[in-house]
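Heads up: the structure comes next, in structure tokens.
Any read-out appearing in this document is the output of simple, stated calculations on the displayed coordinates, not a laboratory observation. Computed from a predicted structure; not experimentally measured. Reconstructed Cβ throughout: ideal geometry from the backbone, glycine too, with neighbour counts over all protein chains shown.
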Amino acid sequence: MLDDILTAADELRYAIYRHLWDPARGVYIDRRPRHKFIGHRANFTCVEESLNAFALLFGLADQKRALKVSKYLQEHLWSPYGSFPHERPRKSDGTYASVPRQEGSPVHDDCIWPVMNFYEVEGYFRWDMPQAWELLQRCWGNLLDQGATTYWEYVHQDGTIPALWTSLCHGWSAGVSYSLPASVVGIKPLTPGFATFEICPHLGPLELARASVPTPYVAISALVQKEGDQVKVESVDAPPNVDG
């Protein structure tokens, strides 16, 4: 059974590479047929944040392709306030052009969604790329700069709230609450229920970080700190019946 699953996974990985990888641009492209409702993407070669974020996060891309994907997304999807859901043309002043309304695009396409930025951030953390911290700071740092005390659903391309009906307390945008303990401090389970766990920190610009993660037993707490070029786990508090 396990061998069959692994074989099917390898076949799927190859199929995704064969059909969706664009070697000329160094990025995965979306070739799905599009409804006229989103006709601006009807050329079937749209570059979507979600597709490429998942390819990074779930290991569909190897390290060489991951570096190419990160470069393309930075150059074509990133803004000062996060990553757009798909590629769009730039205006002469360097800002992104809005999708023409006559093509029937939803207002969401002009916005930056923390929910998908989270998966892109985690994809970069998987490959230990500095882009993880940069995108995290752009997306959620913007909310802090504007005085937010909750997670906003999405923001406009200028970093502001795009409409009165936007949710300003949105669980989908809270992915950074996972990234900080799991990827920054690096506390992750290796087996179900944290029976075994690892601590693999990515401090980025931080000098130290501390986190506590609840488990079915008791919380696992860790303090990690930079010492020169090294990042060391200074202390770990874990229940006696788990291994880390």
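Table for the structure above
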| quantity | calculated |
| --- | --- |
| Label-point gap, in nm, between Lys188 and Ala24 - each point 7 angstrom along Cα→Cβ | 3.5 |
| Pairwise FRET efficiency - Asp145 versus Asp93, Cβ, R0 = 22 Å, nearest 0.05 | 0.55 |
| Cα-projected label distance for Thr166 with Phe58, points at 7 Å along beta-carbon direction, nm | 3.0 |
| Region 177-244, relative contact order in percent, only Cα pairs under 8 angstrom and at least six apart counted | 27 |
| Ratio Rg/Rh [Cα only; Rh per Kirkwood] for region 177-244 | 0.97 |
| From phi via Karplus (6.51, -1.76, 1.60), per-residue ³J(HN,Hα) for region 164-181 in Hz, x at Gly/Pro | 5, 8, 5, 6, 9, 8, 10, x, 4, 8, 8, x, 4, 5, 7, 4, 5, x |
| Karplus-derived HN-Hα couplings along region 15-25 (A = 6.51, B = -1.76, C = 1.60, θ = phi - 60°), whole Hz, x at Gly and Pro | 5, 4, 4, 5, 9, 10, 7, 9, x, 5, 9 |
| P(r) weight above 24 Å for region 103-219, C-alpha pairs, percent | 34 |
| Gap separating the Cα centres of region 66-90 and region 199-244, nearest whole Å | 32 |
| Sparse-neighbourhood loop sites, GluC sites (Glu not before Pro) in region 170-234 - DSSP loop, at most 12 other Cβ within 10 angstrom | Glu207 |
